[in-house]
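In what follows, a single structure is set out as structure tokens and then discussed.
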Amino acid sequence: MAKYDEYDSALKQKIANGCDTLNALTGNTELKKLAEPHRTPGRWGIGTPYFRIVDRRLQALRKKGELIYQDKRWSVAI
């Protein structure tokens, strides 16, 4: 099992259920809880912001062909 498999699965599930904008995804409490282990300490002890983790995974899944970004909304590729 890869490092982000559980997070990616939850992210795709949220998108499939209609939570399809970056603001909606970054505000989701379940995704925040799953992102906690992936936060790295920053310069002042503040971890990586949640929206950065969501954005990284969205872009990685888009590059793999699993997600599509169109008309300012994310969708799961069929």
Cα extents of the chain along the three principal axes, largest first (Å): 40, 28, 20
Say a paramagnetic label sat at a point 7 Å from the Cα of residue 62, along Cα to Cβ; which residues of segment 2-20 have their backbone N under 19 Å from it? 8-20
With angles folded into 0 to 90 degrees, how steeply does helix 5-16 sit against the dominant principal axis of the chain? Use alpha carbons for both and round to 10. 50
Could you work out [θ]222 nm for the chain from helices alone, using -39500 (n - 2.57) per DSSP H run of at least four and dividing by all its residues? Round to the nearest 500 deg cm²/dmol. -14500 deg cm²/dmol
Residues whose built amide H sits under 5 Å from the amide H of residue 47, excluding neighbours closer than 5 in sequence, are 42
For segment 59-71, in residue order, the Karplus 3J(HN,Hα) values (coefficients 6.51, -1.76, 1.60; θ = phi - 60°; whole Hz; Gly and Pro = x) are 5, 5, 5, 5, 5, 6, x, 8, 10, 10, 10, 8, 6
Mean separation of Cα contacts under 8 Å, 6 or more apart, over the residue count of segment 5-76: relative contact order %: 34
Residue 6 and residue 51 label points (each 7 Å along its Cα→Cβ direction) are spaced in nm at 2.6
Pick out which of 32, 12, 64 has the largest mean-square fluctuation in a Gaussian network model of the chain, springs linking Cα atoms closer than 10 Å. 64
Report the full-extension gain for the segment residue 73 to residue 16: residue separation times 0.36 nm, less the Cα-Cα distance, to one decimal in nm. 19.4 nm
Can you tell me which of 13-20, 2-9 comes out highest on packing, and rank the rest after it, using the mean Cβ neighbours within 10 Å? 13-20, 2-9
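Where a number appears in this text, it was derived from the coordinates with a stated rule and is not lab data. Being a predicted model, the structure only gives us computed values, none of them experimental. Because the Cβ atoms are built from the backbone with ideal geometry, glycine has one as well, and the counts that use them run over all protein chains shown.
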